[in-house]
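Trainee: My questions will all concern the structure given below.
The values are calculated or read from the model by the stated rules, or taken from the named source; none is laboratory data. In this text the structure is predicted, and so the values were computed from the model without any measurement. We place every Cβ from the backbone using ideal geometry, glycine too, and count neighbours over all the protein chains shown. For the accessible areas, the whole protein counts, side chains as well, though only heavy atoms, and no ligand, DNA or RNA atoms are used. Shrake-Rupley method; radii C 1.70, N 1.55, O 1.52, S 1.80 Å.
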Amino acid sequence: FGDVAQAYYSQPRLFDDDGPRAEDTAFDVLADAVADVVTGKTDSDKYDVGLLKRFQRYQSTVFEKDVDELLISGHRVPKTKPCRISANFSLRAKELYLQTPEPSRVRVAGKLYMIEASTLAFALLMPGGERVRGVWKGNEFETLRTLANSDVTASGIAVYRPSGNLLRIDADALTPQRPGDRFFATVP
């Protein structure tokens, strides 16, 4: 695991706030996600639908088992001010999950201007300046490398935030843009 973490943190970040910091513990990362759920942050990068589903299960797997509250501390979350998770947290996670749009099949055309080798994450720059995050679901980095800094069309599954805004595209196809693909140069 140390080699993977070292390789991950040695790369430039796609976005300044992308992912945990090297010194963060798993509890710090969990506390960040919990805080965004508790405050109802609908455009959070700290959770996705899968994590919201797990959080809503805390009701039956934790709080219906005579547990009133969970306290979490970590590197950035001191024991004197722990992150607190109560039964209301599960209900809030469920609300956010239920307002999240279903994933949908999309095609997006933009310039492939950032790639991350270790995670196969990428970013498209749209004509209006917006950035679209994606994850290449193909099995080789070579596809991303050969298309870097060119106009591409990404096809795959759009994953949304509870706000309805796009979180990322899980791309199963990345191809050079054709003239007709400019129609898809919008954020889904």
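Trainee: Within segment 1-35, restricting attention to residues that are modelled with pLDDT of 85 or more and under 21 Å from Thr119 (Cβ atoms), which residue is most open to solvent (accessible area, probe 1.4 Å)?
Mentor: Ala26
Trainee: Would you mention how many residues in segment 82-105 are under 30 Å from Asn149 (Cα atoms), surrounded by 15 or more Cβ atoms within 10 Å (Cβ to Cβ) and out of contact with any Phe, Trp or Tyr (no Cβ under 8 Å at 6 or more places or on another chain)?
Mentor: Total meeting the criteria: 0.
Trainee: Out of Val49, Val77, Val62, report the one residue that is under 30 Å from Ala158 (Cβ atoms) and surrounded by 16 or more Cβ atoms within 10 Å (Cβ to Cβ).
Mentor: Checking each option against the conditions leaves just Val49.
Trainee: Take the residues in segment 135-158 that are under 14 Å from the mean Cα position of the chain (by Cα) and modelled with pLDDT of 95 or more; name whichever of them is farthest from Val37 (Cα to Cα).
Mentor: Ile157
Trainee: Within segment 164-186, take every residue that is among the polar types (S, T, N, Q) and either on the phi > 0 side of the Ramachandran plot or open to solvent by 50 Å² or more (accessible area, probe 1.4 Å) (or both) and give me the one that is farthest from the chain's Cα centre (by Cα).
Mentor: Filtering first and then ranking leaves Thr175.
Trainee: Same structure again: Among the strands (runs of 3 or more DSSP E) confined wholly to segment 37-133, which include 1 or more residues that are within 16 Å of the chain's Cα centre (by Cα)?
Mentor: Those strands (runs of 3 or more DSSP E) span 104-116, 121-125.
Trainee: Is it the case, given these coordinates, that Pro162 is in contact with a Gly (Cβ under 7 Å, 6 or more places away or on another chain) and at pLDDT 95 or above?
Mentor: When the stated conditions are applied, Pro162 does not pass them.
Trainee: Quick test of your reading of the structure: Leu144 fulfils all but one of (1) over 17 Å from Pro188 (Cβ atoms); (2) surrounded by fewer than 20 Cβ atoms within 10 Å (Cβ to Cβ); (3) not basic (Lys, Arg). Name the failing condition by number.
Mentor: Only one criterion in (1) over 17 Å from Pro188 (Cβ atoms); (2) surrounded by fewer than 20 Cβ atoms within 10 Å (Cβ to Cβ); (3) not basic (Lys, Arg) is unmet by Leu144, namely (2).
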